[in-house]
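The values are calculated or read from the model by the stated rules, or taken from the named source; none is laboratory data. Quantities reported herein were computed from a predicted structural model and do not represent experimental measurements. FYI the Cβ positions are ideal-geometry reconstructions off the backbone, even for glycines, and counts take in every protein chain you see.
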Amino acid sequence: MQRILILNPKGGSGKTTVATNLAANFAVSGSLPALMDLDPQASSMRWLSKRADEQAPVYGIAGYERSAGVTRSWQLRVPQDCDPLIIDTPAAIETQGLTEITRGADVILVPVMPSDIDIHAAAKCISDLLLVAKIKRSDERIGIIANRVRANTLVSQSLKRFLTSLEIPLIATFRDSQNYVRTAESGLGIFELPSWRVRDDVEEWDALMTWLANKGASSDDSGAERPIRRESV
């Protein structure tokens, strides 16, 4: 099972947008993705609750919930037939918590918004991943997503220069599009909207999906059975 972690301690960077659209895109392609929401704001689970029954299924795990009646590992269990596992993380993760939250991740995607504040926050995030969580550049597990970028603006050019300087691959550049508002409101993904509406968006998503496919999968699978329908645990 491939484990895809969406991470950026800076709030408003677009983690949920990336996580939910990834889940929908994998589902449309015939996979049964699991979407784990660790953020108490529950934005990913809210998106999943809006997803119509006729849409390709996504298995939801409300990882922000706590129950005294079951173990934490049981709460976070992933059915055996689910692949990949997409993890939407909360904002304001403490630096010392990065090691735990990144453990077992095959891929760490860091969405970055084009602003000075976000660029500074992304620099610290990448530094902490390398120095604290001990993620090696040579492992090529970290990928950057430039999010809500308006083409040919000074701030977008500044963002691209910064990302180049990190020596971390820029996987995709998502434009500032109302299509992402529509997907959030409807429980859909970019590839589930009319093709004429998203033709300017899908090329970058194709690039991201190809990069993820080339990363391979983890050999760590859980033993639960495949669910009949979406549910939160």
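Taking Thr17, is it of a type in the set (S, T, N, Q) and either touching a residue at least 12 places away in the same chain (Cβ under 8 Å) or under 15 Å from Glu192 (Cα atoms) (or both)? Step through it out loud before you land on a result.
Numbers: of a type in the set (S, T, N, Q): yes; either touching a residue at least 12 places away in the same chain (Cβ under 8 Å) or under 15 Å from Glu192 (Cα atoms) (or both): yes.
Judged against the criteria, Thr17 is a match.
Considering region 20-45 alone, what residues qualify as being closer than 23 Å to Pro194 by Cβ and hydroxyl-bearing (Ser, Thr, Tyr)?
Taking region 20-45 first, the residues closer than 23 Å to Pro194 by Cβ are 20-31, 33.
The answer is Thr20, Ser29, Ser31.
Of the residues Gln80, Gln96, only one is in contact with a Lys or Arg (Cβ under 8 Å, 6 or more places away or on another chain) and modelled with pLDDT under 95; which?
Sole residue among the options that is in contact with a Lys or Arg (Cβ under 8 Å, 6 or more places away or on another chain) and modelled with pLDDT under 95: Gln80.
Give the number of residues within region 17-55 that are surrounded by 24 or more Cβ atoms within 10 Å (Cβ to Cβ) and farther than 25 Å from Thr102 by Cβ.
0
Say we look at region 68-100 and pick out the residues that are more than 26 Å from Thr210 (Cβ to Cβ) and of a type in the set (A, V, I, L, M, F, W, C); which of these is nearest to the chain's Cα centre (by Cα)?
Out of the qualifying residues, it is Ala91.
May I ask you to list pairs of residues, at least six apart or on different chains, whose Cβ atoms are under 7 Å apart, with the first in region 33-46 being farther than 9 Å from Gly60 by Cα and the second being part of a helix (DSSP H, G or I) and polar (S, T, N, Q)?
Taking only residues 6 or more apart or on different chains, the pairs are Ser43/Thr16.
Do we have any residue at all in region 56-64 that's in contact with a Lys or Arg (Cβ under 9 Å, 6 or more places away or on another chain), surrounded by 14 or more Cβ atoms within 10 Å (Cβ to Cβ) and at positive phi?
no
Take the conditions surrounded by fewer than 21 Cβ atoms within 10 Å (Cβ to Cβ), touching a strand residue (DSSP E or B) at 6+ places or on another chain (Cβ under 9 Å), more than 30 Å from Tyr59 (Cβ to Cβ) and without any contact (Cβ under 8 Å) to a residue 60 or more places away in the chain and apply them to Arg137. Does it pass? Even if it seems obvious, please write down each step before you answer.
Values: surrounded by fewer than 21 Cβ atoms within 10 Å (Cβ to Cβ): yes; touching a strand residue (DSSP E or B) at 6+ places or on another chain (Cβ under 9 Å): no; more than 30 Å from Tyr59 (Cβ to Cβ): yes; without any contact (Cβ under 8 Å) to a residue 60 or more places away in the chain: yes.
No, not satisfied.
Identify the single condition in (1) out of contact with any Asp or Glu (no Cβ under 6 Å at 6 or more places or on another chain); (2) modelled with pLDDT under 90 that Arg148 does not satisfy, given that it satisfies every other one.
So Arg148 meets the others, but not (1).
In contact with an Asp or Glu (Cβ under 9 Å, 6 or more places away or on another chain) and farther than 22 Å from Ile145 by Cβ: which single residue out of Leu76, Leu32 fits that description? Step through it out loud before you land on a result.
Working: Leu76 fails: in contact with an Asp or Glu (Cβ under 9 Å, 6 or more places away or on another chain).
Criteria check complete, one pass: Leu32.
Starting from region 156-181, take each residue that is touching a residue at least 60 places away in the same chain (Cβ under 8 Å) and list its partners that are surrounded by fewer than 18 Cβ atoms within 10 Å (Cβ to Cβ) and aromatic (Phe, Trp, Tyr), counting only C-beta distances under 7 angstrom and pairs at least six apart or across chains.
Listed by first residue and then by second, the contacts come to Ile171/Trp211.
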